[in-house]
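A short write-up of the structure that comes next.
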Amino acid sequence: MAEKVITLTNGDKVIVDEDRKRSTSFNLDDLYRYRLVDDSSAVVEGAGEYVPNVGDMIWSFGIGLLRVSRVDYTNYVADLVLWELPKTASEVGVEDVLLGVGPGYSSESWRCLIDTRVFPYRLDIDSKLHSYGTDCKEVIVFRGINTSETGTVISGMYQQGGEFIPGPIPLELVKETEGVTNIAEYAPVMGYTTTQLPDGEVVTVVTYNTDGAPTSYNKMLVMNTNITRHPEDPLRRITAIEIVSPWLSQTEPNTLEFPINGTVSQLVMRGKVTYSNGDTALFDLTDEAANGKCKVLGLKYWSPTITGARQEFHLCYSPDPDEEYAYLQGVTANGDVLISYSIVATPVDPAYSLKLYAFPVWKGATVGYQLDYWLYDLNRAIARHVPTGAVELSEASAAFDGHLYTTVQYIQVQVNLSAMDPSYGDHKHVQSLQIALLRDGSIRQSNWRVKFSGNQPNWYGDTLEAAVHAIGSGLSTVNIAQGLTSQTDWLNKLYYNLSPLYDPQTETQAPAPTHVLLTTKTRTYEIPVGQWSNDITFINDLGEGEVLFLRWIKRAANGDLQLAAGGLPVHMF
């Protein structure tokens, strides 16, 4: 019977010849579907239409020669196994006898060693594998024999920040010869994998040069080394590192809660190392002399002034290679152990848990923009419109430029609180701001955007405007809906995007507002949040590009809670 062309239910066509009396050969790209039995056993959708028969030879420039061991004619999937030309008895040399390989290749005695006592698992490539040439750079380990784009990469490395990145393992120089520094012989460093593999499974190690081109292919067998005695066993094994501090959160793991306006020097922290025999060692993390071995990374300049401000950092410990070792998650390429932590600012006196809101106000083409400020505290009793004289730039801050449209301006200001309320005493609130001026206030597009703190996730101000229409008799209407159709979306964009103050010890987010106060130069209009999409009639005393302030409040039985202040550039229609 000759070849048959079969049309499948999905529209694909396959070519089948089950009664063919002789074997033949196909390019791997000719096949409709196949599965590499020595690989991950995943079915690969081929590029062709042919379904081979058992015993046919399949060839691939990337993989080599394969043999069809089984065909599933219900799904038209061919199982393929790798085939290599065996050695004859006369080809067995001294090397084979010494290595105990027998007929076959000496590389078949090489092992890819995996230790699953840590996750990601430690992956060591056989130390007999060397790469030669000054442009050797890295290796990648593939599961099975498929090293093409459809192959499965199992190798990877830890980065300094503690993140596991799948892909290449670097090469390093391995020796010196007769006092001459070697420049052309390399071996892989220790890597990692997230894939569990059984003993004896085949993997392929591909070596790449600095141009990303493969220079060598080596097949290895997997060996799990968990039960193999390690030369490190007499050493002290580290089982945990952690921070010991009275500021540790009682509810959130790996988190420190520290009062606002504190400094790193005021933190009380010690690093604790625990060994497998139960011994522990403590290090003073505030003692710079001890920071070479156990230290924190990412807190040097941390000094929060806003309640809820959060900073990520790491505890880093460098094991002594002659005395201790670690198989902890977080071991970096240089052997250091990194554990991730975060620190969050908490209030002490709610009156001193402050947040400053700053908005660019258009003053015309000559002056450009000037900043207008509102100050809120966690007591939520008063919303303060800050006088210009109470705000000054910090010594190290650049001045605000009201005409700068090409870059984000990073400024730091301080508010003299006693100039606003003598009860504060001689206290200054310091805050960093990011301000991006986009275009003149007379242009009806996004005019500016601001961030009121370094950890604010989103900009405030994009596409926002107060749309004002004059209706006669000195009256106008204003719409602040921003073209949105959902009250939830509206609150997210105009209120929650301000990152209002809240107490993380008792609240998960700022309270939801019940009303918003629209504030012009001389008047204030109170609007229930439920009327967010309505046109509001008012007496307008604002010019093009100036700011209509939105003061968010929550009405309560014992008085209004002052939550936050926003601002919308005014555009006339």
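The values are calculated or read from the model by the stated rules, or taken from the named source; none is laboratory data. The structure presented is a predicted model; accordingly, all values stated were derived computationally and were not measured. Heads up, the Cβs are rebuilt from the backbone with ideal geometry, glycines too, and the neighbour counts pull from every protein chain shown.
Quick notes on this one:
- Residue in the range 357-364 that is closer than 30 Å to K554 by Cα and surrounded by fewer than 17 Cβ atoms within 10 Å (Cβ to Cβ) present: no
So that you can scan it fast, the table gives a plain yes or no per residue for (1) touching a residue at least 12 places away in the same chain (Cβ under 8 Å); (2) surrounded by 14 or more Cβ atoms within 10 Å (Cβ to Cβ); (3) assigned by TED's automatic domain parsing to the domain that holds E149; (4) basic (K, R):
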site: K13; (1), (2), (3), (4): yes, no, no, yes
site: S23; (1), (2), (3), (4): yes, no, no, no
site: L31; (1), (2), (3), (4): yes, yes, no, no
site: R35; (1), (2), (3), (4): yes, yes, no, yes
site: E49; (1), (2), (3), (4): yes, yes, no, no
site: V54; (1), (2), (3), (4): yes, no, no, no
site: L66; (1), (2), (3), (4): yes, yes, no, no
site: V71; (1), (2), (3), (4): yes, yes, no, no
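- Being loosely packed, with under 15 Cβ neighbours inside 10 Å, within 21 Å of L82 (Cβ to Cβ) and either at pLDDT below 90 or of a type in the set (A, V, I, L, M) (or both) holds for only one residue in D199, D126, D135, and it is D199.
- Top-ranked residue in the range 8-66 [being basic (K, R) and in contact with an Asp or Glu (Cβ under 7 Å, 6 or more places away or on another chain); ranked as farthest from N218 (Cα to Cα)]: K13
- Of all residues in the range 37-76, those being closer than 22 Å to K13 by Cα and within 39 Å of the chain's Cα centre (by Cα) number 6.
- Test for D503: is it within 35 Å of the chain's Cα centre (by Cα) and over 18 Å from D372 (Cβ atoms): yes
- Scanning the range 537-552 for residues that are farther than 20 Å from R444 by Cα and either within 44 Å of the chain's Cα centre (by Cα) or crowded, with 23+ Cβ neighbours inside 10 Å (or both) gives R551, W552.
- Taken together, the criteria place A556 among residues that are of a type in the set (A, V, I, L, M) and at pLDDT below 95.
- Hey, Y352 of a type outside the set (G, A, S), closer than 30 Å to T506 by Cβ and modelled with pLDDT of 95 or more or not: no
- One residue alone among A436, A467, A481 is assigned to a loop (DSSP other than H, G, I, E, B) and on the phi < 0 side of the Ramachandran plot, and that residue is A481.
- R229 passes every criterion in (1) more than 30 Å from S127 (Cβ to Cβ); (2) among the basic types (K, R); (3) modelled with pLDDT under 75 apart from (1).
- Boolean, L437 is under 30 Å from T366 (Cα atoms) and touching a residue at least 24 places away in the same chain (Cβ under 8 Å): yes
- Checking each residue in the range 456-489 for being at pLDDT 90 or above and closer than 30 Å to F258 by Cα picks out N458, W459, Y460.
Here's the yes/no breakdown for (1) modelled with pLDDT under 75; (2) assigned to a loop (DSSP other than H, G, I, E, B):
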| site | (1), (2) |
| --- | --- |
| N277 | no, yes |
| F283 | no, no |
| S303 | yes, yes |
| D320 | no, yes |
| Y341 | no, no |
| P360 | no, no |
| T366 | no, yes |
| L371 | no, no |
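- Residues within the range 553-573 that are under 21 Å from G441 (Cα atoms) and of a type in the set (A, V, I, L, M), tallied: 4
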